[in-house]
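Trainee: Got a structure here, written out as structure tokens. Questions coming.
Throughout, read-outs are computed from the coordinates displayed, never taken from laboratory work. Note that the coordinates shown come from a computational prediction; the quantities given were computed from them, not determined experimentally. A quick note on method: Cβ atoms are made from the backbone with ideal geometry, for glycine too, and the neighbour counts reach across all protein chains shown.
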Amino acid sequence: AAGAPKPLPSSGPKSLREMPHPLATSSSEEMGPALTPSPDLLLPRSIADKDLSLPNGTPVDTSSPASSSSLLNRLQLDDDLDGETRDLFVTVDDPKKHVCTMETYITYRVTTKTTRAEFDLPEYSVRRRYQDFDWLRNKLEESQPTHLIPPLPEKFVVKGVVDRFSEEFVETRRKALDKFLKRITDHPVLSFNEHFNVFLTAKDLNAYKKQGMALLSKMGESVKYVTGGYKLRSRPLEFAAIGEYLDTFSLKLGTIDRIAQRIIKEQLEYLVELREYGPVYSTWGGLEAELSEPLEGVSACIGNCCTALEELSEDMTEDFLPVLREYILYSESMKNVLKKRDQVQAEYEAKLEAVALKKEDRPKVPTDVEKCQDRVECFNADLKADMERWQNNKRQDFRQLLMGMADKNIQYYEKVCGTA
Amino acid sequence: MEDCLSKKMEITVSEAEKRTGRNAVNMQETYTAYLIETRAVESQSEGQCAPVDSLWRRYSEFELLRNYLSVTYPHIVVPPLPEKRADFVWHKLSADNMDPDFVERRRIGLENFLLRVASHPVLCQDKIFYSFLTQEGGWKEMVNETGFQLKADSRLKALNATFRVKNPDKRFTELKHYSDELQSVISHLLRVRARVADRLYGVYKVHGNYGRVFSEWSAIEKEMGDGLQSAGHHMDVYAASIDDILEEEEHYADQLKEYLFYAEALRAVCRKHELMQYDLEMAAQDLTSKKQQCEELATGTVRTFSLKGMTSKLFGQETPEQREAKIKVLEEQIQEGEEQLKSKNLEGRDFVKSAWADIERFKEQKNHDLKEALISYAVMQISMCKKGIQVWTNAKECFSKM
């Protein structure tokens, strides 16, 4: 199976050899000789060693680093999946409450429509609960450690403070879960993950979960990238920059979250006063003859103000705050991925050093060090690509979010204006 | 009907100045003096610019003037002064009498007071009022020389003292009840409005924080940076806009306050009627009992219990001469009493007539003024909303460019 693999349907006619190395444009000077890729270690060689034969080039085992990198061409050419090329649609809706002897919980309907060959049917409809989403996310993190996995809405809610079964809470959660699945759907690598497929299609997910556990224990060397105790020499500038960016970013989001909460609080207190204010005009109107009409008018107007303000506060609580919090969670999980990347790089550096110390004149670098290098490169590549995608999506998301916030405020004022 | 003074003379309270001086107990005090400027209107129409006369007065002199007017014209709903101390304040407003904003609003209030008096058909003709506007020196002495303080009925000050009036004019009873309710509802309104203003202030100001954090955030962004930065600027504008909005609203609050105090003046007129009616009834009662006494003495029958009667029984009857003398005294008193009663009755009826006329005038004025005030309040609210829409539309545009 030497030579270029069969062209993937969505990629262009370019062969892999023509692809620039993902790390080529980065500041390779700082990385030191150890990480500068030598021509021998370019991707095509790694791919040539593996068998990736599936008719459309989809890797069988997506947990292998080399197979991830084989999809680089898809990432590079097909960054934004526009509507026309999209072949997978997922929606979360229809929350339902289930009351059992042991517990009460909510399930959501997950509907899938697709033309992809990985799916046996063009349409699926299954019911899933939060636990299942959580399981999926863990599986994705395990099997795609080099990628940024979108966040889930918060798992635990303080009982007594938030009503887990209130309409507002369930709706907010549903939206977040829908976003979660859509982000995965949009991701060129994650959307092909086998666990994701099962999640969308299996009638009995629990059976698969149990089976999965058994499989994992059977597997020899786990593909976990949790390595411990290696110290990183030098972090590539771009990842250091990403780390710093994420720190500041989540800090600023936290501040915005607090400000938004404060505004909502002030608005509600304002509302309390307005609710007392309006009726006083009514009372006065009752005393007067000629003035009673204008006074009643003012009273009614204030009443409408109250309603509009309530709606504004509700919207901000339900739509604005959760998205902010989601991105804060996102940043945190991304920082964890960055840490893992550091670890992988550190391990590689350590192993390389160990080999150099042995002072043996070997023409070739030992395979396990090679593997490490692969890991590092693939990790970096995946991460970089994901970061770009994330930045883009983030920009869109925030643009929409902030425009939405502005819109809601405009609507509020228009409503009040109308009644005045 | 003669033209009101306001048509003949331009009156303004144009300036306020801080002064220090020595008060009645020779302690140093700080107070504010207000400059009253007057100019005759007629000469202006001839193409000439009339000279402006001016003099300084302090708040206590205004108070003196008003007290004089209230006592001298008890059947008139006398325009009120702006509040002595800042009341119904929300947190940003100062309760300090020396605060420049308070002084400014008081200046406007005092001018308004003078204009109200000058356009009142009865009050504008008062000489003391005219001198207040034109004669700087010796005015206080002039007022005190009228002896109005002696005429003042201390009972009128006792707001809650009840007089068991048997036959008050029902209209006045209703009106007094109305003025009580009006005072209560406007006070409540002003209190809540102050709290509403406070809260609204908070909401707007917190948005200012967005300005800062958007700016900080924009520093780490590439494509999003400009949009965030300019949106942040709009948030700052939004936060700052509340200051002007609430300042305008204070004017509305002042208009309501004027009628809060007007309600007091209205109540005072009703009370005056009650007192007059009470005095009338007491006088009538006194007359009746005197007549009865007279009759008893004349016929020798004791119908009513009296201490005199008892003592006379105990200590012996009086002589016929004594009885004659008593009857004569009583008859004189009865005659006096009847004349007094007649004049009191007349006074009472005159009072009711003229008071009611002024009350009707007041009602019309009140309805007109408050309707205007409510309309301008609504206009203020609309303007505030439009500003809000503007700012958020601008911010939205900035966001769209992210």
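Trainee: Could you give the Stokes-Einstein D for region A:278-377 in µm² per second, using the C-alpha Kirkwood radius, 25 °C, 0.890 mPa s? Numbers along the way, then the final one.
Mentor: Working: Rh = 20.0 Å.
In µm²/s, the coefficient rounds to 123.
Trainee: Something else: Return an integer: the convex hull volume of the alpha-carbon atoms of chain B, in Å³ per residue.
Mentor: On the way: hull volume 95.6 nm³, N = 402.
About 238 Å³ per residue, rounded to a whole number.
Trainee: For region A:343-412, which GluC sites (Glu not before Pro) are both in a DSSP coil and crowded by at most 10 other Cβ atoms within 10 Å?
Mentor: Details: sites: A:E347, A:E349, A:E353, A:E360, A:E370, A:E377, A:E388; in loops: A:E360.
In loop regions of region A:343-412 (DSSP not H, G, I, E or B), the sparsely surrounded GluC sites (Glu not before Pro) are A:E360.
Trainee: Rounded to a whole number, what is D in µm²/s for region A:232-419 from Stokes-Einstein with the Kirkwood radius over alpha-carbon pairs (10 °C, 1.306 mPa s)? Spell out each step's value before the answer.
Mentor: Numbers: Rh = 21.4 Å.
For these conditions, the coefficient is 74 µm²/s.
Trainee: Based on the Cβ-Cβ distance of B:K84 and A:N304, what FRET efficiency does E = 1/(1 + (r/R0)^6) give at R0 = 41 Å, to the nearest 0.05? Present the calculation step by step, with values, prior to reporting the outcome.
Mentor: Working: r = 37 Å, r/R0 = 0.91.
FRET efficiency, B:K84 to A:N304: 0.65.
Trainee: For B:215-221, what's the mean count of beta carbons from other chains sitting within 10 Å of each residue's beta carbon? Mind showing how you got there, number by number?
Mentor: Values: counts 1, 4, 8, 1, 2, 9, 8.
The shielding value for this peptide is 5.
Trainee: Here's something else I'd like to know. In Å and whole numbers, how far do the C-alpha atoms of region B:60-115 stretch along each principal axis, longest first?
Mentor: Taking max minus min along each principal axis of the Cα atoms, region B:60-115 gives 40, 18, 17 Å.
Trainee: May I pose another question? What is the angle, in °, between the Cα long axis of helix B:59-72 and the longest principal axis of the Cα atoms in chain B? Nearest 10 is fine, range 0 to 90.
Mentor: Helix B:59-72 and the main axis of chain B meet at about 40 degrees.
Trainee: From other protein chains only, count the Cβ atoms within 10 Å of every residue's Cβ in A:139-149, then give the mean.
Mentor: Working: counts 0, 0, 0, 0, 0, 0, 0, 0, 0, 0, 0.
Partner-chain Cβ atoms within 10 Å, mean over residues of A:139-149: 0.
Trainee: To continue, here is another question. Could you check the simple spin-label distance between B:D101 and A:D257, using points 7 Å along Cα→Cβ, in nm with one decimal?
Mentor: Once both label points are built, they end up 3.6 nm from each other.
Trainee: Taking 0.36 nm per intervening residue step and subtracting the Cα-Cα distance, what contour gain separates A:D247 from A:K210 on full extension? Could the numbers behind the result be given before it?
Mentor: Numbers: separation 37, 0.36 × 37 = 13.32 nm, distance 3.75 nm.
The A:D247-A:K210 span can extend by a further 9.6 nm.
Trainee: Calculate, for B:V41 and B:S131, the FRET efficiency according to 1/(1 + (r/R0)^6) with r their C-beta to C-beta distance and R0 22 Å; round to the nearest 0.05.
Mentor: Numbers: r = 19 Å, r/R0 = 0.86.
Once rounded, the FRET efficiency stands at 0.70.
Trainee: Could you check how many percent of all C-alpha pairs in region A:85-211 are farther apart than 24 Å? Don't skip to the answer; put the middle values down first.
Mentor: Details: 2221 of 8001 pairs.
The calculated P(r) of region A:85-211 puts 28 percent of pairs beyond 24 Å.
Trainee: Once you have the Cα-Cα distance between B:H188 and B:S376, take 0.36 nm times their residue separation minus that, and quote the gain in nm to one decimal. List each step's numbers first, then the result.
Mentor: Working: separation 188, 0.36 × 188 = 67.68 nm, distance 2.04 nm.
Roughly 65.6 nm would be gained on extension.
Trainee: Per-residue HN-Hα couplings for region A:318-326, Karplus 6.51 cos²θ - 1.76 cosθ + 1.60 at θ = phi - 60°, whole Hz, x for Gly and Pro?
Mentor: Values, residue by residue: 7, 9, 7, 4, x, 5, 4, 5, 4 Hz.
Trainee: Sorted from fewest to most neighbouring beta carbons within 10 Å, what does the list B:D153, A:D386, A:D368 look like? Mind showing how you got there, number by number?
Mentor: Details: B:D153 14, A:D386 22, A:D368 10.
Fewest-to-most ranking of B:D153, A:D386, A:D368: A:D368, B:D153, A:D386.
Trainee: Anything over 25 Å Cα to Cα? Flag those among B:K7/B:K170; B:K8/B:K353; B:K272/B:K342, in the order listed.
Mentor: Working: B:K7/B:K170 36 Å; B:K8/B:K353 28 Å; B:K272/B:K342 19 Å.
The answer is B:K7/B:K170; B:K8/B:K353.
Trainee: Between B:L346 and B:D153, what is the label-point separation in nm under the 7 Å Cα-to-beta-carbon projection?
Mentor: 1.9
Trainee: Want the number for A:E154 to A:Q391: 0.36 nm per residue separation, take away the alpha-carbon distance, what's left? List each step's numbers first, then the result.
Mentor: Numbers: separation 237, 0.36 × 237 = 85.32 nm, distance 2.23 nm.
Gain on stretching A:E154 to A:Q391: 83.1 nm.
Trainee: Sort B:Y377, B:Y252 by Cβ crowding within 10 Å, fewest neighbours at the top.
Mentor: Details: B:Y377 22, B:Y252 16.
Going from sparsest to densest Cβ surroundings: B:Y252, B:Y377.
Trainee: If you don't mind, there's one more thing I want to ask. A:N336 to A:K203: FRET efficiency via 1/(1 + (r/R0)^6), r the Cβ-Cβ distance, R0 41 Å, to the nearest 0.05? Display every interim value, and only then the final one.
Mentor: Working: r = 33 Å, r/R0 = 0.81.
E(calc), rounded to 0.05, equals 0.80.
Trainee: Let me ask something else. Per-residue mean of other chain beta-carbon atoms within 10 angstrom of the beta-carbon, peptide B:178-189?
Mentor: On the way: counts 2, 0, 0, 4, 3, 0, 3, 10, 2, 1, 6, 6.
Mean shielding count: 3.
Trainee: Another question, if that's okay. Would you mind ranking B:K8, B:K170, A:K415 by Cβ crowding within 10 Å, fewest neighbours first? Present the calculation step by step, with values, prior to reporting the outcome.
Mentor: Numbers: B:K8 13, B:K170 8, A:K415 18.
Going from sparsest to densest Cβ surroundings: B:K170, B:K8, A:K415.
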